[in-house]
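One structure is given below, encoded as structure tokens.
The values are calculated or read from the model by the stated rules, or taken from the named source; none is laboratory data. What you see is a predicted model; the values in this text were computed from it and never measured. Every residue, glycine among them, receives a Cβ derived from its backbone with ideal geometry; neighbour counts consider all protein chains shown. Quick note on the areas: whole protein, heavy atoms, side chains included, nothing else; ligands and nucleic acids left out. Shrake-Rupley method; radii C 1.70, N 1.55, O 1.52, S 1.80 Å.
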Amino acid sequence: MTIDDHDALVALLRSTPGVTLRAADGRDATARYLARNPGLSFVATDGDAVVGCVLAGHDGRRGYLQHLVVVPAARGRGLGARLVGQALDALAAEGIDKTHIDVLASNAEGLAWWVRRGWAHRDDIRRLSFVRSGRADA
Ligand SMILES: CC(C)(COP(=O)(O)OP(=O)(O)OC[C@H]1O[C@@H](n2cnc3c(N)ncnc32)[C@H](O)[C@@H]1OP(=O)(O)O)[C@@H](O)C(=O)NCCC(=O)NCCS
């Protein structure tokens with residue numbers, strides 16, 4: 001994924017129930033994210049069309065995936081699994097063995113997809129977040 005994919009990325013996220021678009025998905029923020037995490041995020045393409053995406057980054061210790069999406073017409077062909085596999089390979093090449101993903105609790109299908117691929121539900125952890133600016137869409 002490069003910043004040139006940003007328009008397609010936003011269109012993909014906007015059209016997908018279960019995915020929340022935030023200020024952090026804006027063009028400048030995405031450019032900063034990709035610059036901090038070069039070579040870790042991927043798009044799936046069909047000709048010129050972007051039909052899938054995954055964002056990946058790490059903090060030097062743990063990996064984090066966000067926004068795994070495949071357009072409905074291209075689902076069920078293994079693209080989602082390939083996107084995740086590429087991101088995990090790229091993270092592994094940087095020494096990252098353990099990776100997290102946040103999934104909305106209401107996204108039962110999405111949660112089941114990850115669990116079928118060996119990702120463990122963490123009932124022992126509650127994520128807490130703080131927004132310094134107070135922005136509701138941060
Ligand atoms: C989760 C998601 C990325 C999976 O993408 P995908 O390309 O369909 O993934 P895969 O092809 O690797 O796996 C699809 C699964 O559905 C099955 N399937 C078959 N036909 C399908 C179809 N027409 N549509 C969807 N899934 C289908 C596949 O056999 C596979 O089953 P399995 O999980 O038992 O192996 C996609 O469903 C999606 O974008 N969902 C909305 C966003 C979301 O919830 N993201 C995850 C939370 S961050």
| task | Give the ranking of 67, 121, 6 by solvent-accessible surface, highest area first, calculated with a 1.4 Å probe. | result | 121, 67, 6
| In a GNM of the chain with a 10 Å cut-off on Cα contacts, which of 47, 110, 85 has the highest mean-square fluctuation? | 47
| task | Over the chain, average the accessible area per residue using a 1.4 Å probe and give it in Å², no decimals. | result | 66 Å²
| field | Max mean-square fluctuation residue, GNM over the chain, Cα-Cα springs under 10 Å, options 11, 73, 56 | value | 73
| request: Pop out the carbon and sulfur fraction of the accessible area of the chain as a percent, whole number, probe 1.4 Å. | output: 50 percent
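Answer rounded, prolate or oblate for the chain, using the Cα gyration tensor with square roots of eigenvalues a ≥ b ≥ c: rounded when a/c is under 1.5, else prolate when a/b is larger than b/c, else oblate.
Since a/c stays below 1.5, the shape of the chain is classed as rounded.
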| note | GNM of the chain, Cα pairs under 10 angstrom: of 99, 45, 16, the biggest fluctuation goes to 45
| If contacts are Cα pairs under 8 angstrom and at least 6 residues apart, what is the relative contact order of the chain in percent? | 21 percent
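At a Förster distance of 30 Å, what's the computed FRET efficiency of residue 75 paired with residue 133, Cβ-Cβ distance as r, to 0.05?
Calculated value: 0.25.
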